[in-house]
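Trainee: Before we start, here is the structure in question, set down as structure tokens.
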Amino acid sequence: MNRSKSLCLLMLAASMLLFCGESQAHSVFKKRMQANFPNKKISCNACHVDKQPKTERNAYGELFTKTFENKTMSADLKEKKGAEKKAFEAEVLTVEFDKAYEKIKAMTFADLVEAGVIDGITDKEEK
């Protein structure tokens, strides 16, 4: 697989990671990712570990989460209701997702190897 395809697939996986985050944030992230990849099916397992609590993220999910500037947005969302919640989704969640997505999209294949998000490439100390 060439570098562009690999990067594209990893970006898709990272983005999907966010869809199934805590609270209702996942629907905002999923919609944003689906807009970026309309011909792909987006699932929670792009970022989360299958059959584990949604707090368990895979390597790519961890990378995506680390890129967020607003580290409290899931907790902040839980406090919102009604129109305030909708405004927070539009003004904070969507903006944060787009910023994180752009950071990951700009990463090189080497950046992704160093971040440990490519299956089959691990640190020598790992089993």
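Trainee: Going by amide H atoms built from the backbone, whose H comes under 5 Å of the H on residue 57, apart from near neighbours?
Mentor: Residues meeting the criterion, in which the H sits 1.01 Å from N, are 49.
Trainee: Further question on the same structure: Could you order the peptides 59-65, 100-106 from most to least packed, using the average number of other C-beta atoms within 10 Å per residue? Let's see the in-between values first.
Mentor: Working: 59-65: 22.7, 100-106: 16.9.
My ranking of the peptides, most packed first, is 59-65, 100-106.
Trainee: Right, here's the next one. Please list, by residue number, every one of the trypsin sites (Lys or Arg not before Pro) in the range 67-97 that is coil in DSSP and has at most 15 other beta-carbon atoms within 10 Å. Let's see the in-between values first.
Mentor: Values: sites: 71, 78, 80, 81, 85, 86; in loops: 71, 80, 81.
Hits after loop and neighbour filter: 71, 81.
Trainee: Work out how much length residue 37 to residue 83 would gain on full extension: take 0.36 nm times their residue separation and subtract the Cα-Cα distance, in nm to one decimal. Could you put the intermediate results ahead of the total?
Mentor: On the way: separation 46, 0.36 × 46 = 16.56 nm, distance 2.84 nm.
In short, 13.7 nm is gained.
Trainee: Moving to a separate point now. Which of the residue pairs 41/105; 40/66; 54/85 have a Cα-Cα distance greater than 28 Å in the structure shown? Intermediate results must be reported in sequence, preceding the final value.
Mentor: Numbers: 41/105 19 Å; 40/66 24 Å; 54/85 21 Å.
Flagged as over cut-off: nothing, all pairs pass.
Every read-out reported here was derived from the displayed coordinates using simple, explicitly stated rules and does not represent laboratory data. Since the model is a prediction, treat every value here as computed from it, not as a measurement. All Cβ positions, glycine included, derive from the backbone under ideal geometry; neighbour counts span all protein chains shown.
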